[in-house]
Every structure is written in C-alpha cells, then in structure tokens.
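A short write-up of the structure that comes next.
The values are calculated or read from the model by the stated rules, or taken from the named source; none is laboratory data. Quantities reported herein were computed from a predicted structural model and do not represent experimental measurements. Cβ coordinates were reconstructed from backbone atoms using ideal geometry, including for glycine residues, and neighbour counts include every protein chain displayed. Keep in mind that these areas ignore ligands, DNA and RNA; they rest on the heavy atoms of the full protein, side chains included. Shrake-Rupley method; radii C 1.70, N 1.55, O 1.52, S 1.80 Å.
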Amino acid sequence: MGKINTKEQSIKKRINTEKIILIVLSVLFSLYAITLFFPMLWIFYNSVRHGSDFVFRQWQVTPLTISNYVNLFKETPMVTMVLNSLVLAIVTSTFQIFATASMAHATASFRWRGSSVFYFIAISVMFIPTSGTLGIVYRLMSDLNLLDLHIGVVILASNGMGFSYLMLYSVYKNISPTYAEAAEIDGAGYWRRFLTIITPQAGATLIAMWILGFIGCWNDYAFPKIFLPSHKTLAVGVYEFSTKASQTGGTGYPQLFAAISISIIPILILFLAFQKQIMTISVGGGIKE
Amino acid sequence: MTNSLVNKTGKHKNGMTRRHRKQMIFIFSLMLFPISQWLIFWLYPNVTNLVLPFTTYDFFEGKIVFAGFENLLTEFGKVFSTPATRNAFFNSWRALPINFIILPISVIVGYAFSKHVPGERIFRILFFIPSIISTVTLVLCFKYIFEYAPSADLTGPGAQLLHKIGIDWHGWNMEYPQQVWTMIYIYCIWAGFSVNVIMISSAMQRIPEALIESAKLDGTGFWRELWSIRIPLIMPTISVFIINSIMCVTSFFLVPMTFMTTKGPEGIFDTFPWLMLRHVEENGLDPSTMIAVSTLGFILMICLTPIIIVTKAITDKITPDVSF
C-alpha cells in the first residue's frame with residue numbers, strides 16, 4: 001500500500017513539474033510572439049507618419065497621415081509592381097497546381113508499367129542536391145525566347161514535382177474510384193472524370209496548395225529579379241526601395257515602410273482567412289502513402 | 001484506331017485493348033507538360049552543369065571547349081588565394097551552424113506543442129507567420145528595428161534597447177563585420193524555426209499514446225521523454241531537416257544581401273550563391289559566365305556531397321526501425 005502511495009506521489013510530482021515547465025515555455029513563447037509582431041507593427045505605424053516625425057519625434061505621439069501611401073503610388077510604379085506580382089502569383093500557382101495534379105493523377109490513380117519510374121523522378125528533385133545551374137537556365141531561357149516574359153517565369157516555376165507532388169500523390173491515391181466508375185458507365189471520358197469527378201474530391205488540399213503557391217510566388221525575389229528584369233514585382237521593388245531609402249537620411253523611410261506594409265498585408269489577410277487549410281497542408285510529414 | 005489494327009476481341013495488335021490504349025493516351029497527355037518541363041528545365045541544366053566545370057570558353061573560336069580540370073582547379077585555387085573568393089566561399093557555410101542551432105530549438109518548441117503548452121493553438125498560427133512573409137520584407141522589418149545611423153539621427157527601438165543594456169551596437173556597419181554577422185545569425189534563428197516546429201510537433205503527435213503512457217508509468221520525466229522516446233522515434237523527420245539544413249549552403253544569399261545590399265570590402269558579406277547571382281545579372285548571356293557559375297556550384301557540391309552522405313549514414317544508423 002505504502003509503495004503504491006509513493007508511486008502515485010511521484011507521478012503527481014512529475015505531472016506538476018511538467019505543468020510548471022509548460023507554463024514557463026508558454027511565457028517564453030509569448031515573449032517570442034511579441035518580438036514577431038513588434039517589428040511589423042512598428043513598420044506599419046511608422047508608414048503612416050511624416051518622415052520628420054519618424055526621425056526627430058520617434059517616441060512622441062504625432063498626427064498620422066496616408067501621404068506616404070499616396071506618394072508611393074504617385075511617384076513610383078507601385079501599381080505596375082503590385083499587378084505584376086498579382087498576375088505572376090495567380091497564374092504561376094494555377095499552372096503549378098495543374099501540373100502537379102496531372103502528374104499525381106497519372107501516377108497514383110492508374111496501374112501502368114513505368115509509373116513507379118515517374119514517381120521516382122518526381123520525388124528525386126527533392127533529394128538530388130543541385131547548385132550552379134542558374135547560368136545555364138538563364139541562357140536556356142534566352143535561347144527559348146522566354147527571357148523577360150511573364151510566361152517564361154510561369155513555365156520555369158511550374159514543375160509539378162517535389163514536395164507538392166508527394167502530397168497530391170497520396171491524396172489521389174486515396175480517392176475512391178467509385179464515383180469515377182459510375183461516371184464512366186454514364187459515358188464520361190478520362191478528362192471529364194479527372195476534372196469534374198476526381199479532382200474536386202481533392203479540393204481542400206488543392207486550395208491550400210494553391211494558396212501556398214500564391215504566397216510563394218508573391219514573395220519570390222530571385223526568379224522575377226533574374227528572369228523578368230523589365231517587369232519589377234513587389235518583392236524586387238521593395239528591395240530596391242530599401243537601397244534608395246538609406247540615401248534619404250531617414251526621412252524617406254516611412255515611404256519604404258508603406259511599401260513593406262503593402263507587401264505584407266495581403267499575405268497576412270490570405271493566411272488568416274485560410275490558416276486552417278494552410279496549416280493542415282504544412283503538416284506534410286503526417287501524410288503517408 | 002483503324003480496324004486493321006484491332007482484332008475481333010477488341011485487342012490491338014500489340015496486345016493493348018482499346019480502353020487501355022485510350023488510357024495510355026490520357027496518361028501521356030497528363031504528363032506531357034510536367035515531364036517536358038522537367039526534361040528542359042531540370043535534367044538538361046543539371047546534366048550540363050556536370051560537364052561545364054571541365055570546359056572553358058575559347059574566345060577566338062567562339063565556342064566552349066574541353067579543358068579537363070584546369071578551370072576547376074583555377075577556381076578552387078582562388079578559394080585559398082583570393083580574399084574575395086575565400087570570403088564568399090566560407091560565408092556560404094555560415095548557413096550550417098545557423099540551421100544546427102535552429103533544429104534543437106524547433107524540437108523543443110515542437111515538443112511543447114505536442115504536449116499542448118498553454119496557448120498552443122494561437123502559438124501555432126503566430127509562429128507560422130515568418131514563413132509566409134517574404135525574406136526581403138522580414139529582413140527589412142528586423143533591419144530597421146536595429147538601425148543605428150547617428151549621421152542620420154536614426155536609432156531604431158532595437159538598437160536603443162541594445163545600447164541601454166550596454167551592448168556597443170554599431171548598426172549595419174561594414175567596419176564591424178563580426179557584429180553584423182552575429183546579428184544576421186540572430187535574425188536567422190528568430191525567423192527560421194517556425195515551419196520546422198509545425199512538422200516536428202505533428203510527427204511527435206503520431207507517436208502512439210500508449211507508448212508514452214507506459215514510459216511515464218516507468219518514471220520517465222519531461223526531458224527524458226523528449227530525449228529518449230520522442231526524438232529517436234521522429235528521427236526520419238529530423239534527418240530530413242538535417243539534410244535540408246546542409247543544402248541551405250547552396251541558397252544562402254538573400255539574407256546577407258538584403259541586410260547589407262553590397263558584398264562589402266573583399267566580399268566580407270559575400271556568399272557563393274550571391275556571387276553566382278551577380279555573375280548572371282551582370283553578364284548572363286556570356287558563355288564564360290555560364291561556365292563560371294557552374295564551376296562555383298560544382299565546388300560547393302564537391303564539398304557538400306560527402307557531408308550529406310556521411311550525415312545520411314549517421315542518421316540512418318541511429319534511426320530505430322519503426323515508423324508511425
């Protein structure tokens with residue numbers, strides 16, 4: 001009896017210790033969360049202040065203004081940059097999803113000789129380390145007359161392989177063929193079954209992947225910078241504003257902060273609206289064949 | 001399909017039924033774009049990339065000619081003889097320790113999430129935010145918090161805090177490269193572990209509860225449970241992160257580039273990937289640029305491949321033969 005009591009006490013003690021550790025960690029996480037948000041709030045707050053207030057009255061409450069945003073749109077090609085980012089993000093993520101879904105459906109939903117070879121090819125791009133192909137791809141894009149064209153960047157980024165393929169492969173593999181078989185009896189062809197019966201069943205995953213693809217393209221700096229030099233995107237523009245702002249002696253910073261805010265806010269809204277789906281997709285490791 | 005090719009049972013002469021043939025045409029049409037894209041933009045560049053470091057551009061002939069190891073050895077020699085190349089090479093490797101600091105932090109945070117730390121649901125969302133904001137934007141947010149430019153009367157709140165606690169922070173000043181690099185490390189850790197956390201906690205949550213409970217009954221404490229049970233059982237996930245961390249060396253440029261905007265004297269903030277990017281930006285269509293970029297990439301890969309193989313062998317060896 002005494003032994004059992006001692007064991008119970010020791011388990012209770014361990015549970016209490018665990019609770020204390022978790023509370024301490026929770027406090028640390030809260031502090032970290034504050035450090036995550038403070039820079040963004042500070043940037044946003046200063047984007048609605050006058051340049052002189054930002055430099056000389058940093059900790060004073062001063063009147064707010066939207067002039068930085070107005071001037072940004074008036075004095076810089078902000079509208080073009082936003083449109084470039086938007087078009088590129090929408091079209092590229094749509095192409096990516098279509099390419100990935102096609103590849104996943106072809107290898108997961110049908111049994112045919114060679115499907116495992118293509119499965120291997122599709123996942124191998126994740127594991128084979130590569131470096132130094134930038135010069136070759138640049139030359140290739142030029143030879144194919146795709147340099148400085150939106151469609152060039154779209155094609156280059158829409159490979160339909162790697163991690164997204166692996167995710168969709170397992171989704172397509174687990175889709176029951178019952179509805180597709182019924183549609184086949186009713187005379188629906190392969191494309192119709194793929195587009196209207198099978199793919200909608202993968203809808204939630206596809207939407208989440210599309211959003212992640214959109215965010216990735218919206219944020220991408222390297223591809224548009226190198227392969228689309230005449231059509232600046234927002235990520236490229238913000239970088240260039242930052243190099244110019246440092247020459248203005250500080251008063252030009254609020255305008256740069258307005259550009260930064262414009263690049264963050266749509267993504268934050270998109271993320272908060274679809275965070276559940278995005279988080280489910282990002283768990284990734286949880287999906288098994 | 002013509003009738004002459006189909007026998008009475010509907011079977012094609014080569015043994016395919018009509019249905020099967022239609023199916024293969026459909027599969028082919030599905031894969032046409034992704035496979036063509038892979039052949040043109042992945043396989044061709046990567047195969048060419050293996051050949052180019054052993055070539056040189058003959059300006060008189062106007063073509064690329066085989067040069068054996070000459071080009072590769074010359075470029076590799078620069079890593080030791082030219083300060084700018086040396087700095088660029090070794091700075092690329094700075095990505096390694098950063099990622100190896102991030103990993104244990106991610107494991108501890110992921111473990112706390114799997115234990116349902118108070119506020120877990122909101123933390124999951126908040127911690128994910130750095131991974132959805134562009135690197136350029138996030139770096140700029142961090143950079144201006146720690147901005148210190150007395151000549152422009154600028155001191156960001158972070159810089160003010162550092163000065164208050166007695167740290168002699170000189171801002172993003174090229175004359176203090178070690179201080180700047182330390183700050184870049186801090187940024188990378190601050191912004192870098194969020195995605196890992198989500199994956200690690202989900203891998204931990206897949207471990208059967210019965211296994212954890214029985215360990216608890218045997219007297220396993222909080223940290224022991226993490227070290228002796230959870231970490232070994234999620235080693236496959238951790239080993240993927242480790243390999244990815246090593247691979248980061250090949251893409252480490254955007255963070256130092258956004259913080260410093262220029263490579264600094266003798267490339268003190270330069271990295272190999274940044275050097276490749278500049279080569280292409282400056283003269284991308286020149287064949288010698290293509291060779292130079294390939295050679296730089298090849299040098300990195302020569303150094304990385306044995307590290308990856310050894311790491312993979314070690315992680316495979318310590319990974320128990322179970323999966324959840």
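Please specify each residue of segment A:214-239 satisfying the condition of being open to solvent by 10 Å² or more (accessible area, probe 1.4 Å), assigned to a helix (DSSP H, G or I) and not aliphatic (A, V, I, L, M).
Across segment A:214-239, the qualifying residues are A:Phe214, A:Gly216, A:Cys217, A:Trp218, A:Asn219, A:Phe223, A:Lys225, A:Tyr239.
Find all pairs meeting these conditions: Cβ atoms under 7 angstrom apart; at least six residues apart or on different chains; first residue within segment B:40-69 and among the small types (Gly, Ala, Ser); second residue in a helix (DSSP H, G or I) and surrounded by 15 or more Cβ atoms within 10 Å (Cβ to Cβ).
B:Ala67/B:Phe54; B:Gly68/B:Phe54
Quick test of your reading of the structure: A:Gly152 fulfils all but one of (1) within 24 Å of B:Ile307 (Cβ to Cβ); (2) at pLDDT 90 or above. Name the failing condition by number.
Of the numbered conditions (1) within 24 Å of B:Ile307 (Cβ to Cβ); (2) at pLDDT 90 or above, the odd one out for A:Gly152 is (1).
Regarding A:Tyr253, is this residue closer than 23 Å to A:Asp53 by Cα and among the hydroxyl-bearing types (Ser, Thr, Tyr)?
yes
What are the pairs, 6+ residues apart or on separate chains, where a residue within segment A:88-104 that is over 16 Å from A:Asp220 (Cα atoms) and not assigned by TED's automatic domain parsing to the domain that holds A:Phe194 has its Cβ under 8 Å from a residue that is of a type outside the set (A, V, I, L, M) and open to solvent by less than 10 Å² (accessible area, probe 1.4 Å)?
Within 8 Å, no pair qualifies.
Check segment A:54-62 and report whether any residue there is away from chain B (no Cβ under 12 Å) and not β-branched (Val, Ile, Thr).
yes
Do we find that B:Trp190 is in a loop (DSSP other than H, G, I, E, B) and either of a type in the set (Ser, Thr, Tyr) or buried (at least 17 other Cβ atoms within 10 Å of the Cβ) (or both) in this structure?
So B:Trp190 fails the test.
Residues of segment B:117-153 being more than 7 Å from chain A (Cβ to nearest Cβ) and either at positive phi or touching a Ser or Thr at 6+ places or on another chain (Cβ under 6 Å) (or both), which ones?
B:Phe127, B:Ser131, B:Val139, B:Tyr148
Filter segment B:111-163 for residues that are assigned to a loop (DSSP other than H, G, I, E, B) and under 24 Å from the mean Cα position of the chain (by Cα) and give the result.
B:Ile133, B:Ser134
Here is a yes/no grid of residues against (1) modelled with pLDDT under 90; (2) more than 17 Å from B:Leu43 (Cβ to Cβ); (3) over 24 Å from the mean Cα position of the chain (by Cα); (4) not in a helix (DSSP H, G or I):
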site	(1), (2), (3), (4)
A:Ala99	no, no, no, no
A:Met103	no, no, no, no
A:Ser116	no, yes, yes, no
A:Ser142	no, yes, yes, no
A:Met161	no, no, no, yes
A:Met167	yes, yes, no, no
A:Tyr172	no, yes, no, no
A:Glu181	yes, yes, yes, no
A:Glu184	yes, yes, yes, no
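Is there any pair with a first residue in segment B:165-184 that is closer than 21 Å to A:Gly250 by Cα and in the same structural domain as B:Thr155 (by TED's automatic domain parsing) and a second that is part of a loop (DSSP other than H, G, I, E, B) and open to solvent by 80 Å² or more (accessible area, probe 1.4 Å) whose Cβ atoms are under 9 Å apart and which are 6 or more apart or on different chains, and what are they?
B:Trp169/B:Tyr176; B:His170/B:Tyr176
Could you go through segment B:300-319 and let me know if any residue there is touching a strand residue (DSSP E or B) at 6+ places or on another chain (Cβ under 8 Å), open to solvent by 30 Å² or more (accessible area, probe 1.4 Å) and under 23 Å from B:Phe89 (Cβ atoms).
The answer is no; no qualifying residue exists.
How about segment B:256-285: which of its residues are under 23 Å from A:Thr133 (Cα atoms), open to solvent by less than 20 Å² (accessible area, probe 1.4 Å), aliphatic (A, V, I, L, M) and more than 8 Å from chain A (Cβ to nearest Cβ)?
The answer is B:Met257, and nothing else.
Could you check segment A:255-272 and list, in sequence order, the residues that are aliphatic (A, V, I, L, M), open to solvent by 10 Å² or more (accessible area, probe 1.4 Å) and either within 21 Å of A:Val70 (Cα to Cα) or not assigned by TED's automatic domain parsing to the domain that holds A:Ile90 (or both)?
A:Ile262, A:Ile264, A:Ile265
For the condition β-branched (Val, Ile, Thr), under 30 Å from B:His116 (Cα atoms) and in a helix (DSSP H, G or I), what is the one hit in B:Ile184, B:Ile238?
It is B:Ile238.
Residues of segment A:107-153 being under 24 Å from B:Ile27 (Cβ atoms) and open to solvent by less than 40 Å² (accessible area, probe 1.4 Å), which ones?
Result: A:Thr107, A:Ala108, A:Phe110, A:Trp112, A:Gly114, A:Ser115, A:Ile121, A:Ala122, A:Ile123, A:Ser124, A:Val125.
Filter segment A:240-254 down to the residues that are open to solvent by 60 Å² or more (accessible area, probe 1.4 Å) and small (Gly, Ala, Ser) and list them by number.
If the condition is that a residue be open to solvent by 60 Å² or more (accessible area, probe 1.4 Å) and small (Gly, Ala, Ser), then A:Ser246 is the only one that fits.
Quick check on A:Leu41: is it outside the structural domain of A:Ile198 (by TED's automatic domain parsing), more than 24 Å from A:Gly216 (Cβ to Cβ), of a type in the set (A, V, I, L, M) and at pLDDT 95 or above?
When the stated conditions are applied, A:Leu41 does not pass them.
Among the residues of segment B:203-225, which ones are open to solvent by 30 Å² or more (accessible area, probe 1.4 Å), facing chain A (nearest Cβ under 8 Å) and assigned to a loop (DSSP other than H, G, I, E, B)?
The answer is B:Arg206, B:Gly219.
Identify, by number, the condition in (1) loosely packed, with under 13 Cβ neighbours inside 10 Å; (2) more than 10 Å from every other protein chain (Cβ to nearest Cβ) that A:Ile15 doesn't meet.
It is condition (2) that A:Ile15 fails.
If you go through segment B:252-281, how many residues are farther than 17 Å from A:Tyr239 by Cβ and part of a helix (DSSP H, G or I)?
So the count comes out to 7.
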